[in-house]
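A.B. asks: Structure provided below as structure tokens; questions to follow.
Taken together, the values in this text are just the output of simple stated rules run on the coordinates, not laboratory data. Model, not experiment: these values are computed from the prediction. All Cβ positions, glycine included, derive from the backbone under ideal geometry; neighbour counts span all protein chains shown.
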């Protein structure tokens, strides 16, 4: 077990100290680089599968939970390197950090209001200064219960999804994101859940609970497990049976 994990477990029983420790940790690790270094590699693997599975147009990239924008930038760079033309990049974030944890999301207290905050202006600066083509970018600001609306779908030219990264930590946020993006899912869309095991391996918590409920509401959907990534991520290929 890493020193970071030992300290995290020690502080977990003292929520005020845990929140303070988390803020200090992110302040000390304030570079643009992701805190989950295996996630960009998972995005690359996903795009390689898209290129193998599909013919152009491949579909757009959707990311829920941007933090500082590093994985969002890497998605653009990977698609460019693989010559996947025509992909636009849609990022959804409050830019104020996580919403308050309620219900099952309270769990062990590892996620709290305002965690992972980074302003939209800073994210845009991170992306543009590192060469991202901002003409192909839509950044949608707001907590998902307010921003993920039917009206939003008519505001932008959203296309079917090639790859979706769910890095929004909480059950509630993941459930809201899945419900909204349902219209853009297609057969063989790759779904990356960055926090699949953040609450342990339990179908009653977090992203696992959200996905179980989503699949139950769509009996013609199934998922094929592809691989695990980071300490808590998992990748799936969506299959849609239209019969």
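A.B. asks: So how far apart, in nm, are the two label points at residue 228 and residue 129 if each is 7 Å from Cα heading toward Cβ?
C.D. replies: 3.7
A.B. asks: Here's another thing I want to ask about it. Between residue 201 and residue 157, what is the label-point separation in nm under the 7 Å Cα-to-beta-carbon projection?
C.D. replies: 4.5
A.B. asks: Follow-up. Could you order peptides 78-87, 93-102, 198-207 by the average number of other Cβ atoms within 10 Å of their residues, highest first?
C.D. replies: Highest mean packing first, the order is 93-102, 198-207, 78-87.
A.B. asks: Estimate the FRET efficiency between residue 51 and residue 77 by the formula 1/(1 + (r/R0)^6), using the beta-carbon distance for r and 22 Å for R0, to the nearest 0.05.
C.D. replies: In this case the efficiency is close to 0.90.
A.B. asks: Can you order the peptides 142-151, 120-129, 43-52 by their average number of other Cβ atoms within 10 Å per residue, highest first?
C.D. replies: Ranking, from highest mean packing down: 43-52, 120-129, 142-151.
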